[in-house]
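Okay, so here's the structure we're looking at.
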Amino acid sequence: MNIIRAKDYDDMSRKAANIISAQMIMKPNCVLGLATGSTPIGVYGQLVSRYQEGDLDFSGITTVNLDEYRGISRDNEQSYYYFMHDNLFGKVNIDLTRTFLPDGMEPDSGKACQDYDRVIAETGGVDLQLLGLGHNGHIGFNEPGPVFKAQTHCVKLAESTIKANQRFFASADEVPKEAYTMGIKTIMLAKKILVVVSGADKAPILKKVICGEITPEVQASVLQLHSDVTVVADEAALSEL
Ligand code: GLP
């Protein structure tokens, strides 16, 4: 793994945006795998500024997001669809018909997952996958458990994830208990992977992800097996390494 040390959150966001910008410039019709959560917000802010300055063009880009809550509609402010529009898609010249997320409103989970795997396959594969890191080591919503799940699947969110995501909702009761997430095989098939991590609260899990045993109990540890992973983390997140 290539580890890039950033001073703080802003520096992490700039450094990660540099990598995504380079990818977009070198391959203007590339497929970007995108993530939600609070960590990548600064990265998206950077990409929007660069677009506004005329340095980035999103017109040929295709995006596939990692995950979406189940049972939440696109116009719900807490949906990941809404998040992506708010932070990126609504602010750049991307072709919205080329932006994909799992359909959280599809009640048939088998269909929702198969449809999304087909969508990802039809893009031709992800060139660069952006990932955040959950406090329990999850990537997308691949929660700790006995196995790595290959394809898009429906997950029951871990209690700790519901608690962590409660800050975006009025109460824990309103946090959806399930989500559709891209599977580990799909993530691992991305040509390049970029992980952004910020804050001292992520330091213990980041250490396990980079130096620990490869285990589905820490889903992100599987990234040790990928040949092109860059972690951009701030000093606080790297403080245990
Ligand atoms: C969320 C998302 C993940 C994200 C993670 C960390 O639940 N499904 O894709 O990486 O949790 O979020 P944050 O960056 O807010 O710590």
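Checked against a 30 Å cut-off, the cross-linked pairs Lys7/Lys156; Lys7/Lys177; Lys111/Lys163; Lys177/Lys202; Lys7/Lys91; Lys163/Lys191 give Cα-Cα distances beyond that limit for Lys7/Lys156; Lys7/Lys177; Lys163/Lys191.
Which percent, nearest 5, of DSSP beta bridges in the range 1-158 are antiparallel? Working shown, then result.
On the way: 1 of 9 bridges.
Counting only bridges with both partners in the range 1-158, antiparallel ones make up about 10 percent.
Taking amide hydrogens as placed 1.01 Å from N in the peptide plane, the amide H of Thr99 sits under 5 Å from those of Thr63, each at least 5 positions away in sequence or on another chain. Taking 0.36 nm per residue of sequence separation and removing the Cα-Cα distance, the Asn29/Gln224 pair yields an extension gain of 67.4 nm. Couplings for the range 40-56, taken from phi via the Karplus curve 6.51 cos²θ - 1.76 cosθ + 1.60 with θ = phi - 60°, read x, 4, x, 5, 5, x, 4, 5, 5, 4, 5, 5, 5, 7, x, 8, 10 Hz in order; Gly and Pro are left as x. With all pairs of different C-alpha atoms in the average, the Kirkwood value for the hydrodynamic radius of the range 90-185 is 14.9 Å.
Given the C-alpha atoms of the range 79-125, compute the convex hull and give its volume per residue in Å³.
Details: hull volume 3.6 nm³, N = 47.
It is 77 Å³ per residue.
Scanning residues 5 or more positions from Glu178 or on other chains, those with amide H under 5 Å from its amide H are Arg70, Leu157, with H placed 1.01 Å from N in the peptide plane.
For the range 159-164, putting each phi into the Karplus relation 6.51 cos²θ - 1.76 cosθ + 1.60 with θ = phi - 60° gives couplings of 3, 5, 6, 4, 4, 5 Hz, in residue order, rounded to whole numbers and with x for Gly and Pro.
For a test of the definition: using alpha carbon positions, the gyration tensor, and the 1.5 limit on a/c, classify the range 143-241 as rounded, prolate or oblate.
Values: a/c = 1.91, a/b = 1.19, b/c = 1.60.
Cα axes put the range 143-241 in the oblate bin.
Cβ-Cβ distance of His85 and Ala22, R₀ of 25 Å, FRET efficiency by 1/(1 + (r/R0)^6): the value works out to about 0.50. Placing unit charges on each Cβ (+1 for Lys and Arg, -1 for Asp and Glu) gives the range 166-241 a dipole about its Cα centre, and among Val209, Ala190, Gln219 the Cα reaching farthest toward its positive end belongs to Ala190.
What shape does the chain take by its C-alpha gyration tensor, where a ≥ b ≥ c are the square roots of the eigenvalues and a/c under 1.5 counts as rounded, a/b above b/c as prolate, and the rest as oblate? Mind dumping the intermediate values first?
Values: a/c = 1.30, a/b = 1.02, b/c = 1.27.
Note, shape of the chain comes out rounded.
Give me the dipole magnitude in Debye, nearest 20, for the chain about the Cα centre, with unit charges on the beta carbon: positive for Lys and Arg, negative for Asp and Glu. Let's see the in-between values first.
Working: 23 positive and 31 negative charges, 101 e Å.
The calculated dipole for the chain is roughly 480 debye.
What number, in nm² with one decimal, is the all-direction average of the projected area of the convex hull of the alpha-carbon atoms of the range 49-135? The partial results should precede the final answer.
Details: hull surface 26.8 nm².
Average of the hull's projected areas for the range 49-135 equals 6.7 nm².
Here the simple spin-label model places points 7 Å from the Cα toward Cβ, and for His135 and Lys7 these points are separated by 2.9 nm. Subtracting the Cα-Cα distance of Ile162 and Lys185 from their residue separation scaled by 0.36 nm leaves 5.8 nm. Please label the shape of the range 7-101 as rounded, prolate or oblate, based on the square roots a ≥ b ≥ c of the eigenvalues of the alpha-carbon gyration tensor (a/c under 1.5 means rounded; beyond that, a/b larger than b/c means prolate, else oblate). Oblate is the answer for the range 7-101, as a/c is 1.5 or above yet b/c matches or exceeds a/b.
Each reported figure results from applying straightforward, stated rules to the coordinates on display, with no laboratory input. Model, not experiment: these values are computed from the prediction. All Cβ positions, even for glycine, are placed from backbone atoms using ideal geometry, and neighbour counts span all protein chains on display.
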